[in-house]
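Read the structure below first, then the notes.
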Amino acid sequence: MPRALITGITGQDGIYLAELLASKGYQVFGMARGQSNPKVSTVEQLVPSIEIVQGDLTDLPSLLSALEMAQPDEVYNLGAISFVGLSWKQAELTGEVTGVGVLRLLEAIRIHTQNDMGRVRFYQASSSEMFGKVRETPQRESTPFYPRSPYGVAKTFGHYMTVNYRESYGAFACSGILFNHESPRRGLEFVTRKVTRGVARIKLGLQDNIVLGNLDAKRDWGYAADYVDAMWRMLQQPTPTDYVVATGVAHSIEDLLVAAFAAVGIEDWRSYVVQDQRLMRPAEVDHLVGDSTRAREELGWSPTVDFDQLIEMMVESDMEAESVRQ
Ligand code: NDP
Ligand code: GDR
């Protein structure tokens, strides 16, 4: 039975990946932090076979213990401070967790394997935010990085550390440069879920409007369950490398609003949206769209859910959840 350790198990991707690996017959170990993390019980309900291990990306000894407990064949590093907006407010912590945390985990694997790093396959959750102020469109593996937030800078550090451990120690380390991916399990702080939940609550008469920042930014949004499948596929290849994972189609926040309100039969979305300067970011990433040709050709990966289906699925799920609360 293959064994996998997932950091960030309580996040959106952690749960989808744990479900996928469990369905493939893996023994899955999920690393959770904190002395009483309320999200752990949700993970245990959704993936009953999971084993939770304690650990924090800022604490090397805890990473070594997690590896000792799990004895993994594969490690997926999904743990991070992942909200770009927060990264300006807690830049140092973001650097510690999202950036140096990757180095700490790679070092822990090097120590755990006694320098035989090739025997544990490693996935790093890199991000399209590394492209930031984009140097070319669409963005591919060879596109130079220009991060625009402390989060993007920290992810760029983690990305290059992953490449460096591959080149220095022969680590089987892959960096997945994933574009935005969403789902009904997306955190409420991210714009898609803020909108789909807001739309559901407006439709049900529980909320008057949605307060947003920049409506012009464009993102390449895909479905999270599709994207965790690409992570797993990367670690099954004969040689490790980096892959862009994206749908190749970009939409603006306005497009998102049109689609989400349309899903509940509201055409006049502007009456329900308020813009607040305080939600504008100090430096914005205007337009991301990925070219995932390598992933499609080498991994045989392609997205199964398009933008309209994704937003409809999220609105429907929020309508159900909010109706219960009514
Ligand atoms: P989430 O924000 O939903 O989950 C983040 C996870 O990281 C949570 O489980 C959180 O635990 C954990 N975490 C936070 N701080 C620490 C720490 N100090 N030590 C250990 N774990 C910690 O993110 P997603 O699931 O959406 O994303 C997964 C990964 O992929 C992240 O690294 C993200 O940056 C990256 N990524 C995400 C994309 C997306 O569109 N979703 C796109 C590209 C990259 P807790 O519950 O305790 O807070
Ligand atoms: P992003 O996602 O920064 O792309 O990072 P987010 O949903 O936070 O923002 C997307 C765009 O929407 C604009 N926006 C708002 N965003 C939020 N959160 N709240 C608002 O009210 C709002 N109004 C407008 C933002 O300015 C931005 O342009 C996500 C995270 O999952 C990262 O961890 C991941 O690496 C990248 O996707 C790829």
Looking at segment 90-116, which of its residues are within 15 Å of ligand 1 (Cβ to nearest atom) and open to solvent by 60 Å² or more (accessible area, probe 1.4 Å)?
-> GLN90, GLU92, LEU93, GLU96
Odd one out for ARG185, checked against (1) touching a helix residue (DSSP H, G or I) at 6+ places or on another chain (Cβ under 6 Å); (2) within 26 Å of ARG294 (Cα to Cα) = (2)
Can you tell me which residues in segment 180-195 are open to solvent by 40 Å² or more (accessible area, probe 1.4 Å) and away from ligand 1 (no atom under 13 Å from the Cβ)?
-> LYS194
Which of the residues spanning segment 151-179 are open to solvent by less than 30 Å² (accessible area, probe 1.4 Å) and not in a strand (DSSP E or B)?
-> TYR151, GLY152, ALA154, LYS155, THR156, GLY158, HIS159, THR162, VAL163, TYR165, ALA171, PHE179
Just one of LEU257, LEU288 is touching a residue at least 24 places away in the same chain (Cβ under 8 Å) and more than 19 Å from the chain's Cα centre (by Cα); which is it?
-> LEU257
Using beta carbons and a limit of 7 Å, which pairs, at least six apart or on different chains, have the first residue in segment 31-59 and over 22 Å from MET1 (Cα atoms) and open to solvent by 70 Å² or more (accessible area, probe 1.4 Å) and the second one near ligand 1 (Cβ under 6 Å from one of its atoms) and in a loop (DSSP other than H, G, I, E, B)?
-> ARG33/ASP56; LYS39/THR10
Name, by its number, the condition in (1) farther than 30 Å from ALA283 by Cβ; (2) buried (at least 24 other Cβ atoms within 10 Å of the Cβ) that does not hold for ALA125.
-> (1)
Within segment 255-297, restricting to residues that are within 10 Å of ligand 2 (Cβ to nearest atom), open to solvent by 50 Å² or more (accessible area, probe 1.4 Å) and part of a helix (DSSP H, G or I), the one that is farthest from PHE122 (Cα to Cα) is ARG278
Taking segment 117-145 and keeping only residues that are more than 16 Å from ligand 1 (Cβ to nearest atom) and among the charged types (D, E, K, R), one is left with ARG119, ARG121, LYS133, ARG135, GLU136
Among the residues of segment 4-29, how many are farther than 20 Å from PHE179 by Cα and among the charged types (D, E, K, R)?
-> 2
Pairs, please: C-beta under 6 Å, at least 6 apart or cross-chain, first residue touching a residue at least 24 places away in the same chain (Cβ under 8 Å) and acidic (Asp, Glu) and in segment 178-191, second open to solvent by 20 Å² or more (accessible area, probe 1.4 Å) and within 7 Å of ligand 1 (Cβ to nearest atom)?
-> GLU189/PHE83
Failed condition for GLU74, given (1) open to solvent by less than 20 Å² (accessible area, probe 1.4 Å); (2) within 13 Å of ligand 1 (Cβ to nearest atom); (3) under 21 Å from LEU178 (Cα atoms) = (2)
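The values are calculated or read from the model by the stated rules, or taken from the named source; none is laboratory data. Just so we're clear, the structure is a prediction, and the values are computed from it rather than from any experiment. Virtual Cβ from ideal backbone geometry, glycine too; neighbours counted across all protein chains shown. For accessibility, only protein heavy atoms count, side chains too; no ligands or nucleic acids. Shrake-Rupley method; radii C 1.70, N 1.55, O 1.52, S 1.80 Å.
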